[in-house]
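I have placed the structure first, in the form of structure tokens, so that the comments after it can refer back to it.
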Amino acid sequence: MALTIKQQLSSPGGILKFLVKHNTIFIFILLVVFSALISDVFFTSTNLSNLLKQVSGIGIISIGMLLVILTGGIDLSVGSMVALLAVTFAILVNIVVLPLAIVLTIVIGFALGSIAGYLVAFQKMAPFVATLALMTIARGLGFIYLKDLQLLSKLQEESLCLTLQIILH
């Protein structure tokens, strides 16, 4: 029978056991308290909005990864796919209008992800192998796209900043 939190905390060494078991939450709370103490603007609406904007992309990707892991799979290609699609978007936004660049980037991401899905679902390839292959291909394509440094100078400033922010995360 599982003990309630109140029973866990009141048992000998209960607080320490609770903190060890839930260390991620404890560290997060410590970071928030420490940040609030050293900065006057930490709990301002502007800063909290900025924090949410910065973590939103990774949060969405994390939800997708959660679903993959909960179903017993694994996807190694996520980081390389995000980098490749960020580079692709940065190139497309300079060629076509913004809404079309967004749609094309999503379609390309869907197509590449579907390849791995097809290999796993219909060709019975191990998810580890299929996504490892896709990771390698996506990373290679990203390097090929960025091999010419002159390309970077042609990109608009905002698309380059968006691309670099996604790649660095």
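The values are calculated or read from the model by the stated rules, or taken from the named source; none is laboratory data. Here the structure is a predicted model, which means the values were calculated and not measured. A quick note on method: Cβ atoms are made from the backbone with ideal geometry, for glycine too, and the neighbour counts reach across all protein chains shown.
Scan region 54-73 and tell me whether some residue there is among the hydrophobic types (A, V, I, L, M, F, W, C), surrounded by 13 or more Cβ atoms within 10 Å (Cβ to Cβ) and touching a Phe, Trp or Tyr at 6+ places or on another chain (Cβ under 8 Å). No, region 54-73 has no match at all. Considering every residue within region 12-29, establish whether at least one is touching a helix residue (DSSP H, G or I) at 6+ places or on another chain (Cβ under 8 Å), surrounded by fewer than 10 Cβ atoms within 10 Å (Cβ to Cβ), modelled with pLDDT under 90 and farther than 30 Å from PHE128 by Cα. No; the residues of region 12-29 include none that is touching a helix residue (DSSP H, G or I) at 6+ places or on another chain (Cβ under 8 Å), surrounded by fewer than 10 Cβ atoms within 10 Å (Cβ to Cβ), modelled with pLDDT under 90 and farther than 30 Å from PHE128 by Cα.
Only one entry in VAL87, VAL33 is assigned to a helix (DSSP H, G or I), at pLDDT 85 or above and not assigned by TED's automatic domain parsing to the domain that holds GLY142, namely VAL33.
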